[in-house]
Structure formats: structure tokens, C-alpha cells
Amino acid sequence: MASQKYLQKAQDLINTHPYLMLSKSWCPDCHYTYRIWDRFHVADKVHIIELDKFPDQKEATELEKAFTEIAGRKWVPTLFFNGKRFGTEADLKRWDSEDKLEEIFKQEKLI
């Protein structure tokens, strides 16, 4: 269970950044998601937190616990849009295969 300090810190990040992505630099699913941001020319709108690049890995671990508790599952990438859990790369892949990504991104005001 995450500490209140890190739950608050994670929630503050979610509230501060309309489009937030939890990532790890080695993660292939995260790289897929980066390509989606590039394809839609929105990479500059998405705040990316690469947990494995934190100088203090203890802090990264605690923050990951907090995001896991908020999101309801441990996974990267996890996306938060407009203050809520938006989904993961699996959702992006499904919406892309259904040709719905652009419509969904417009609904979320990402594009």
C-alpha cells in the first residue's frame, strides 16, 4: 500500500498534467505509445514520467505504488487524461485497430 505522501504526489501530478503517461525507458509497449504521440503530433502535450530514470529509485518505487493504487493495476504505460485513468497501450492498440483513435483524442481534447 502506498503512503499518503506519495498518493498525494501522484494525484498532484495527475491533476497538474492534463495528459500524463507513466513509462519505463526499456518498455516496448511504452515505445509503441511514443510512436502514437508522434503520429498524432501530440508528444509535446503529454507529460511522460519515466520511472526507471529517477535518480532516487526508492522514490520511483514509492511513486509507482501510488500510481498503481490510483489506477487499480501495475502497468506501463498507464495513461491519465484530464484527471482520470485513461487506459494503457492495449486500449490505444484496440482503438487504433477500430480506427477510433483520432475521434477519441478529439473527445479528450488532445487534438
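The values are calculated or read from the model by the stated rules, or taken from the named source; none is laboratory data. Just so it is clear, the model here is predicted, and its values are computed rather than measured. Note that each Cβ is placed from the backbone with ideal geometry, even for glycine, and that neighbours are counted across all protein chains shown. Just the protein is used for accessible areas: all its heavy atoms, side chains included, with ligands, DNA and RNA removed. Shrake-Rupley method; radii C 1.70, N 1.55, O 1.52, S 1.80 Å.
Key figures for this structure:
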item: Top-ranked residue in segment 57-86 [being small (Gly, Ala, Ser) and buried (at least 19 other Cβ atoms within 10 Å of the Cβ); ranked as farthest from Tyr19 (Cα to Cα)]; result: Ala66
item: Residue list for segment 38-51, filter: assigned to a helix (DSSP H, G or I) and either among the acidic types (Asp, Glu) or without any contact (Cβ under 8 Å) to a residue 40 or more places away in the chain (or both); result: Asp38, Arg39, Ala43, Asp44, Leu51
item: Selection from segment 91-111 of residues that are in a helix (DSSP H, G or I) and without any contact (Cβ under 8 Å) to a residue 40 or more places away in the chain; result: Asp91, Arg94, Trp95, Ser97, Glu103, Ile104, Lys106, Gln107
item: Some residue of segment 6-25 being at pLDDT 95 or above, in contact with a strand residue (DSSP E or B) (Cβ under 9 Å, 6 or more places away or on another chain) and of a type in the set (D, E, K, R); result: yes
item: Matching residues, segment 12-39, being open to solvent by 40 Å² or more (accessible area, probe 1.4 Å) and under 18 Å from Glu103 (Cα atoms); result: Pro18, Arg35, Asp38, Arg39
item: Residues of segment 90-111 that turn out to be touching a helix residue (DSSP H, G or I) at 6+ places or on another chain (Cβ under 9 Å) and closer than 13 Å to Leu20 by Cα, as a count; result: 1
item: Flag for Gln107 being open to solvent by 10 Å² or more (accessible area, probe 1.4 Å) and closer than 20 Å to Ser3 by Cα; result: no
item: Residue in segment 3-25 that is in contact (Cβ under 8 Å) with a residue 60 or more places away in the chain and of a type in the set (D, E, K, R) present; result: no
item: Residue among Arg35, Arg73 that is without any contact (Cβ under 8 Å) to a residue 40 or more places away in the chain and not in a helix (DSSP H, G or I); result: Arg73
item: Checking Lys53 against (1) modelled with pLDDT of 95 or more; (2) open to solvent by 30 Å² or more (accessible area, probe 1.4 Å); (3) touching a strand residue (DSSP E or B) at 6+ places or on another chain (Cβ under 8 Å), the condition it does not meet; result: (3)
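Table: residues versus (1) within 20 Å of Phe54 (Cβ to Cβ); (2) of a type outside the set (D, E, K, R).
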position: Lys5; (1), (2): yes, no
position: Lys9; (1), (2): yes, no
position: His17; (1), (2): yes, yes
position: Pro28; (1), (2): no, yes
position: Arg35; (1), (2): no, no
position: Asp38; (1), (2): no, no
position: His41; (1), (2): no, yes
